[in-house]
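Taken together, the values in this text are just the output of simple stated rules run on the coordinates, not laboratory data. What you see is a predicted model, and the numbers here were worked out from it, not measured in a lab. Note: ideal-geometry Cβ built from the backbone for every residue, glycine included; neighbour counts use all protein chains shown.
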Amino acid sequence: MHLEIDEQRLQNQIDELSLISEQAPPVVTRVLFSEADQRGRAFVKKLAEESGLRVRQDAIGNIFVRWAGRDAGAQPIATGSHIDAIPNAGKFDGVVGVLGALEAVRALQKAGLKPKRSVEIIIFTAEEPTRFGFGCIGSRMLAGTLTPEKAILLKDSDGTTLEEWRRKVGWSDDLAMVRLPKDGYAAFIELHIEQGPLLEREGLPIGVVEKIAAPSVTRLDLTGVGGHAGAMLMPDRHDALLAGAEIALAVEQAALTSGSPDTVATTGIFRIEPGAVNSVPCLAHLEIDLRDTQSSTRDAALRRIEQATGDICRRRGIQFNLQRMAADPPVVCDPKLVSAIADACSAVGLPFKRMISRAYHDSSFMSQVCPTAMIFIPCRGGVSHRPDEYSSPQQIKAGVAVLARTLAALTSE
Ligand code: HGY
Ligand code: MN
Ligand code: MN
């Protein structure tokens, strides 16, 4: 089957979507429920409808774009990713797996494929953690690991609840309808940039993901004693910022001393109050991202952080509230799907390597619904979650070609 992938059209769409952002180009930011998120959703829906595909959206905002197969009773094949973006992000994270999937379907349609199984492209709600403090809200609800009862309790940093946001944007369907039946799909394949340097370093065009690392997010609120920066003498102080600073260094140490090179830890959010130069910080809010490829190593590092937090706060006379927002297991991708992707690489003559994803993805949760695997393409310098994130049109085309071949094989089974 000869596939014509129009990389220029795809690049134009990636560029156009990147301009739908809460920040000026080249910075991409599209946080769930923002005006940019709403416009980004409309943009992708319009592209899908222009390709003659059927579009629907569920109660948490997951968008489903269906290419109907010949056998309506057969379990569909799913693909897709996300278009939301954290502050100061780039234009390829998630987007390659959404717009690339649309291009793969267009190429298969043009090649005259009449799929037995339907193909469904899913654009997942809030893969990024920015709005509610942890990621994959949409795919967690599809998998049932985030229940409607827990979801309605979610609050953003301004205290606005998920329900208040849903009402604001006009989403009124019942959240209980989101969860997918087990094996609701025959398979899920996600195309994504690597967000790491290995493929570029080894000069390889494709990565086939066999495992996804175990992520976690911890929220920490520290309460000290505020006061006048001039009048409050040092022995009398309970400075929330300094306690937070010690804890942030303890987070780094927990990763460096975990015994595993795969442990990574980041204090990505650190806010203080009142934020006046002549006022001793009375409050500090930290959000900590810690991961490893093994749950046991990750959890041991988390325990060390909890221990250090207690010690530091006792010594400094600080109150603390520690909340585990998420701590998910690592994911092993489906070996048969991994082989199907490897076969597709061979069919198009592309070398590849089997590898681990250190980033988490919606695939992490779709793996609880159906057999799941991922296709990676290189990104320049391994850079991601920065405006200079970059994959070339040729690199993206290679990923789309492997995705299209894999979908063609899976839809005919
Ligand atoms: O943080 C992650 O791993 C993903 O990019 N949201
Ligand atoms: Mn991301
Ligand atoms: Mn992503």
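Of the residues 89, 282, 406, the one whose Cα sits farthest towards the positive end of the charge dipole of the chain is 406 (charges of +1 on Lys and Arg Cβ, -1 on Asp and Glu Cβ, taken about the Cα centre). Straight-line reach from residue 397: taking Cα to Cα under 20 Å and skipping same-chain neighbours fewer than 8 places apart, the lysines in range are 91, 110, 353. Dipole of the range 215-327 computed with +1 at Lys/Arg Cβ and -1 at Asp/Glu Cβ about the Cα centre; of 266, 302, 313, farthest Cα towards the positive end is 313.
For the chain, a Gaussian network of Cα nodes joined below 10 Å ranks 199, 108, 233 by mean-square fluctuation, and the top entry is 233. Between 274, 235, 26, the GNM of the chain built on Cα springs shorter than 10 angstrom shows 235 fluctuating the most. How many angstrom separate the Cα center of the range 102-149 from the Cα center of the range 376-395? Cα centroid of the range 102-149 versus Cα centroid of the range 376-395: 21 Å apart. Rounded to the nearest 500, the 222 nm mean residue ellipticity of the chain from helices alone is -10500 deg cm²/dmol, with -39,500 (n - 2.57) taken per DSSP H run of at least 4 residues.
Evaluated with a Cβ-only charge set (Lys, Arg +1; Asp, Glu -1), the chain carries a dipole of roughly 640 debye about its Cα centre, given to the nearest 20.
Remind me, relative contact order of the range 144-217 in percent, using alpha carbon pairs under 8 angstrom and six or more residues apart? About 18 percent, as a whole number.
Note on the chain: with a GNM built from Cα contacts shorter than 10 Å, the maximum mean-square fluctuation among 136, 282, 370 falls on 282. Across the range 215-327, the relative contact order, built from alpha-carbon pairs under 8 Å that are at least six residues apart, equals 44 percent.
The relative contact order of the range 346-412, computed from alpha carbon pairs under 8 Å that lie at least 6 residues apart in sequence, is 29 percent.
For the chain, the membrane-span-like helix rule (DSSP H, alpha carbon extent of at least 15 Å along the helix axis, mean Kyte-Doolittle at least -1.0) picks out 95-110, 240-256, 335-347, 393-412; this says nothing about an actual membrane.
The modelled label-to-label distance for the pair residue 169/residue 256, using points 7 Å beyond Cα in the direction of Cβ, is 4.0 nm.
Between the amide H of residue 187 and those of 78, distances stay under 5 Å, these residues lying 5 or more places away or on another chain, with hydrogens modeled in the peptide plane.
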